[in-house]
Amino acid sequence: MRLFVALSPPPEALTEVSGAVGRLREGWPELRWTAPELWHVTLAFLGEVPEGKLPSLSTRLARAAGRYPPMTLAFAAAGAFPSAKRANVLWLGLRGGDATLPKLAASLAAGAHRAGAREPERRRFHPHLTLGRSRTGLDLRELVESLAAFEGTPWHAGRVHLVRSHLGPHVRYETVDAWPLAGRG
């Protein structure tokens, strides 16, 4: 199973983002825009995980989530990977959780690895919501600038979700399990 651990923002926050980017989509047809029903904030990408590892994975992810407190987050300002000039990914950033979110992501990745998932990624964690992708490296400086002032309404992040990706012509995500952020702040 192809799995990842994520935060699922509330519908109100996603509707706000949809309103901000919806008017921009037509002007950028060369960008493959991510469908709003697939929007999430990835904390740890696990890749292919054998189904037999799920019990251990669930135990370790629940333990990791339980160590961290709920957070108040908000979507804010756009950016691009690797750069706005040669972008492969257009994203919207997050405000809030600065001290906690990277530690939570690292803890989830380490727990998943101990349960038999792949080695955690070594690059610096950068929480974001992927809005669109390009295979060719587009110049998205104008688009990033048009979303630079975006400030979403704060929302409560109180659970992490283990999600299965069903790839194919129509990508679909399925929540396998979820655990509360139950630590004390």
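The values are calculated or read from the model by the stated rules, or taken from the named source; none is laboratory data. Owing to the predicted nature of the structure, the values given are computational and were not obtained by experimental measurement. Because the Cβ atoms are built from the backbone with ideal geometry, glycine has one as well, and the counts that use them run over all protein chains shown. The area values use the complete protein model at the heavy-atom level, side chains included, leaving out ligands, DNA and RNA. Shrake-Rupley method; radii C 1.70, N 1.55, O 1.52, S 1.80 Å.
Restricting attention to the stretch 130-163, report how many residues are within 15 Å of the chain's Cα centre (by Cα) and part of a loop (DSSP other than H, G, I, E, B).
Matching residues across the stretch 130-163 total 1.
For (1) farther than 18 Å from Leu7 by Cα; (2) in contact (Cβ under 8 Å) with a residue 12 or more places away in the chain; (3) surrounded by fewer than 16 Cβ atoms within 10 Å (Cβ to Cβ); (4) out of contact with any Phe, Trp or Tyr (no Cβ under 8 Å at 6 or more places or on another chain), each residue gets a yes or a no:
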| position | (1), (2), (3), (4) |
| --- | --- |
| Met71 | no, yes, no, yes |
| Ala77 | yes, yes, no, no |
| Ala80 | yes, yes, no, no |
| Arg95 | no, yes, yes, no |
| Ala110 | no, yes, yes, yes |
| Ala117 | yes, yes, no, yes |
| Arg123 | yes, no, yes, yes |
| Val144 | yes, yes, no, yes |
| Ala157 | no, yes, no, yes |
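Among (1) in contact with a His (Cβ under 6 Å, 6 or more places away or on another chain); (2) in a loop (DSSP other than H, G, I, E, B); (3) of a type in the set (Phe, Trp, Tyr), where does Trp91 come up short?
Result: Trp91 fails condition (2) only.
Considering only the stretch 58-67, I want to know if a residue exists there that is open to solvent by 60 Å² or more (accessible area, probe 1.4 Å) and closer than 20 Å to Phe150 by Cβ.
Scanning the stretch 58-67 turns up no residue that is open to solvent by 60 Å² or more (accessible area, probe 1.4 Å) and closer than 20 Å to Phe150 by Cβ.
Please verify whether Gly168 is on the phi < 0 side of the Ramachandran plot, open to solvent by 40 Å² or more (accessible area, probe 1.4 Å) and at pLDDT below 95, treating the condition exactly as stated.
no
Exactly one condition in (1) surrounded by fewer than 19 Cβ atoms within 10 Å (Cβ to Cβ); (2) out of contact with any Gly (no Cβ under 9 Å at 6 or more places or on another chain); (3) in a helix (DSSP H, G or I); (4) in contact (Cβ under 8 Å) with a residue 24 or more places away in the chain is not met by Gly47; state its number.
The single condition Gly47 does not satisfy is (3).
Tell me the residue from Leu38, Leu54 that is crowded, with 16+ Cβ neighbours inside 10 Å, in contact with a strand residue (DSSP E or B) (Cβ under 8 Å, 6 or more places away or on another chain), touching a residue at least 60 places away in the same chain (Cβ under 8 Å) and over 19 Å from Phe150 (Cβ atoms), please. Step through it out loud before you land on a result.
Values: Leu38 fails: crowded, with 16+ Cβ neighbours inside 10 Å.
Just one listed residue meets the conditions, Leu54.
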